[in-house]
Structure formats: structure tokens, C-alpha cells
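Trainee: Following this message is one structure expressed as C-alpha cells.
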Amino acid sequence: MKKKLIILLSCIMFLSITAVSKENKILLRLNNEIITSVDILNEIKFLSILNKDFLKIDKNKKIEIAKNSQIKQKVKYIEILKTRKDLEIKNELFENILKNYFFNLKIEKINDFENYFKNKDLNPKFVKEKIIIETLWNKMIFDKFSNSVKIDKKEIENNIKIKKIQKEYLLSEIVFNLNANENLSEKLKLILNIVEKKNFSEAALVYSLSDSSNKGGELGWIKEGILSKKIKLELANLSIGEITEPITIPGGFLLLYLEDIKEIEVQLDVENEIKNIIERKTNTQLNQLSNVYLNKQKKNIIINEL
């Protein structure tokens, strides 16, 4: 069934968008929700805008990544609508989200947003729905699991006060788990094979379960104070350009790619820095809990390829 889906989509990709719109086909059904051929094509366009490495991936792999991304989004949508009637949010809130989500594209206003994606031949409504679903999902995860987050504030305070020089790491991640018929060494070999033949970004697009996968796993510069002892020990053994061994996290495994290291002199508002570190650590734990919860809910949904 998966092979038939990929063959169908491969054919569709050679058609014009106009033709596809007329022949929009239902490809998957998740409970009462559907994913269509146009949804997959729009997802491919969106991922191509977010990540230049996505353009380098072969056609069938693009389809597979776009399909999996749409399935994740649809699962989130189904869960969100269990507690809400719709996906509506205020324009002011949406504009604030845009500033963070598309910081690199310098999109700040709704008009900028709509014009940008229209010029990219991508319906802004498709992108807006994706962003709103992600926002509401993150709020739902926070409401459900914020009390489960464990942060050692004293340890953070001690590290801040003791160190005048701090390291920062430029990191990318791949979060993955194992299916019933997989073992860790085989899965790791598949991931590292893409890293070796292509790059880490493409491997993240293909295998990572984290929302950072859309951007090739990029995490940006991370201060050492935010990292757990376990991760700091792993990074201490790496040279620039190397990847950690799989790190066990809730719901799976984490690989970190060390792109660069720098040292900065700490001249800052200590209380504000502690607040920022706590916020980043909280987000890291919530992201892990989000992946666990998403996978659990996905198992409760009937997915049919048509």
C-alpha cells in the first residue's frame, strides 16, 4: 500500500498545480480526517522553503517525509479538537507567533506573511493552519505536563555564580525511537549512513521525530548551563563535526551533532539568566514529553492508506 501511495504521488509531482487541484485525491484517512494529494504537495513546498537541504532529497523520500509530517499534524489536530471547537486564534497573537516562527524570513505582519507565501505559490491558509496547530498543541502539552517538569534551580544558580566563562555549543539533533522490528544498532547504522553520504540535516529530515526536523535538526547556540550533566559529558568527548552516541531520553534516543564551540565571558543579569535557563530546560523536557504523548495517541488512531 505504501509503495502504491509513493508511485501515485510521484506521478502527481510531474503535474501542474492546476491539474492537481482538479484531481485532488484522498490518500490517507485518520479516523474521520483525511490527507489529500494537494496536502502532500503543499507540505513538500513548505519543507522546501524551511530547509534548503530538503531540495536535495530524492523525490520518493520527499514524499515519505511530507506524508509523515502531515500524519503528525493530523494526529495533533484530532487531539486538539477534543478540547476545542475550532482552531481560531486572535490576529494579534498570530502576529506575535509569526515574529518567532519566521524570524529568519523577517515576517512580522499578517500581510507580509500572506504575500510571502503567495509569491512562493503556497496557500497562506495551509501554512497558517500548520502554525496554529503547532501553537495549540504546545499549549495543550504545557497544560498537561508542566507539573511533571523537574528543574534543579540550585544547580543552575551554582553554575551561573561559579563560572565567569561559559561554553556555548552550536548543535543539531535527531530524536528517534525503535519500531517493533528494529534494534538500536541497525537504526543507528541507517541514520549514520545518510549522515556520511549526505549530511546530518538530511538525516534529521528523514529520521528525526522532533519538530526541529523541519529545519534539519538545528537547535542553534546552546549555553552549557542549559544542558544536563549527561549531555555535557557526551559533548566533552566530541570534536567539532562529530556526533554523540545515542542518548536515552523519554520516548526514545537523542543524537547531537556538534557543529561548533565558543567561549563567552558571562557579564549578565544573573536572575534573568537563571530565568532563561529554566525556560529552556523546561521547553526541552516538554518537547520530549510531547513526542512521547504524540506517539501514544498515534497508536490509538486508525490510519488507512486509500
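A short reminder: the numbers here are calculations on the coordinates, not readings from a lab. Bear in mind the structure is a predicted one, so any value in this text is a computation, not a measurement. Every residue, glycine as well, gets a Cβ built from its backbone with ideal geometry; the counts of neighbours run over all protein chains shown.
Trainee: What net charge is computed for the residues neighbouring residue 141, neighbours being all others with C-beta under 13 Å from the C-beta of residue 141, Lys and Arg scored +1, Asp and Glu -1?
Mentor: Values: positive: 76, 139, 144, 296; negative: 79, 134, 143, 211.
After counting each charged neighbour, the total is 0.
Trainee: Another question about this same structure. Subtracting the Cα-Cα distance from 0.36 nm times the residue separation, let me have the gained length for residue 111 to residue 178 in nm, one decimal.
Mentor: On the way: separation 67, 0.36 × 67 = 24.12 nm, distance 4.27 nm.
So the chain would gain 19.8 nm between residue 111 and residue 178.
Trainee: Choose one of 126, 151, 80: the residue whose Cα lies farthest towards the positive end of the charge dipole of region 68-202 (beta-carbon charges +1 Lys, Arg; -1 Asp, Glu; about the Cα centre).
Mentor: The residue sitting farthest along the positive end of the dipole is 151.
Trainee: What order do you get for 206, 270, 75 when you list them from fewest to most C-beta neighbours inside 10 Å? Display every interim value, and only then the final one.
Mentor: Numbers: 206 19, 270 11, 75 23.
Neighbour counts put them in this order, fewest first: 270, 206, 75.
Trainee: Tell me the label-point distance for the pair residue 190, residue 143, using the 7 Å Cα-to-Cβ offset, in nm and rounded to one decimal.
Mentor: Between residue 190 and residue 143, the simple spin-label model gives 3.6 nm.
Trainee: Next up: Compute the distance in nm between two label points, each set 7 Å from the Cα along the Cα-to-Cβ direction, one at residue 304 and one at residue 242.
Mentor: 5.2 nm
Trainee: Sum -39500 (n - 2.57) across every DSSP H segment of at least 4 residues in the chain, then divide by the residue count to get the 222 nm mean residue ellipticity, nearest 500. Write out the running numbers ahead of the final one.
Mentor: Numbers: 12 runs with 166 residues, N = 306.
Result for the chain, helices only: -17500 deg cm²/dmol.
Trainee: By average Cβ neighbour count within 10 Å, what is the ranking of 217-225, 91-99 from highest down?
Mentor: Ranked by mean Cβ neighbours within 10 Å, highest first: 217-225, 91-99.
Trainee: Give me the number: length gained by fully extending residue 23 to residue 164, i.e. 0.36 nm times residue separation minus the C-alpha to C-alpha distance, one decimal in nm. Please list the in-between numbers first.
Mentor: Values: separation 141, 0.36 × 141 = 50.76 nm, distance 6.24 nm.
Computed gain between residue 23 and residue 164 is 44.5 nm.
Trainee: So, one more: Among 48, 306, 180, which residue has its Cα furthest toward the positive end of the charge dipole of the chain, with +1 on Lys/Arg Cβ and -1 on Asp/Glu Cβ?
Mentor: So the residue furthest toward the plus end is 306.
Trainee: In nm, what is the difference between 0.36 nm times the number of residues separating residue 265 and residue 83 and their Cα-Cα distance? Don't jump to the answer; show the numbers that get you there.
Mentor: Working: separation 182, 0.36 × 182 = 65.52 nm, distance 4.65 nm.
In short, 60.9 nm is gained.
Trainee: Excluding residues on the same chain fewer than 8 positions from residue 262, give the lysines whose Cα lies under 16 Å from its Cα.
Mentor: Reachable lysines: 163, 164, 167, 223, 232.
Trainee: Sort 176-186, 115-125 by packing, meaning the average of other beta carbons within 10 Å per residue, with the highest value first. Present the calculation step by step, with values, prior to reporting the outcome.
Mentor: Numbers: 176-186: 11.0, 115-125: 14.2.
Top of the packing list down: 115-125, 176-186.
Trainee: I would also like to ask the following. List the residues whose amide H sits under 5 Å from the amide H of residue 222, counting only those 5 or more places along or on another chain, with H placed 1.01 Å from N in the peptide plane.
Mentor: Answer set, sorted by chain and number: 169, 170, 171.
Trainee: Using the beta-carbon distance between residue 296 and residue 60 and R0 = 30 Å, what value does 1/(1 + (r/R0)^6) give for FRET efficiency, to the nearest 0.05? Walk me through the intermediate numbers first.
Mentor: Details: r = 29 Å, r/R0 = 0.97.
According to the calculation, E is roughly 0.55.
Trainee: Would you tally the net charge around residue 81, using a Cβ to Cβ cut-off of less than 13 Å, leaving residue 81 out, and scoring K and R as +1, D and E as -1? Working shown, then result.
Mentor: Numbers: positive: 74, 76, 82, 84, 85; negative: 33, 79, 86, 88, 129.
Combined, the nearby Lys, Arg, Asp and Glu give 0.
Trainee: Which of the three applies to region 2-146, rounded, prolate or oblate, going by the alpha-carbon gyration tensor with a ≥ b ≥ c and a/c under 1.5 meaning rounded? Intermediate values should be presented prior to the final figure.
Mentor: Values: a/c = 1.85, a/b = 1.29, b/c = 1.43.
Oblate, because a/c is 1.5 or more while a/b does not exceed b/c.
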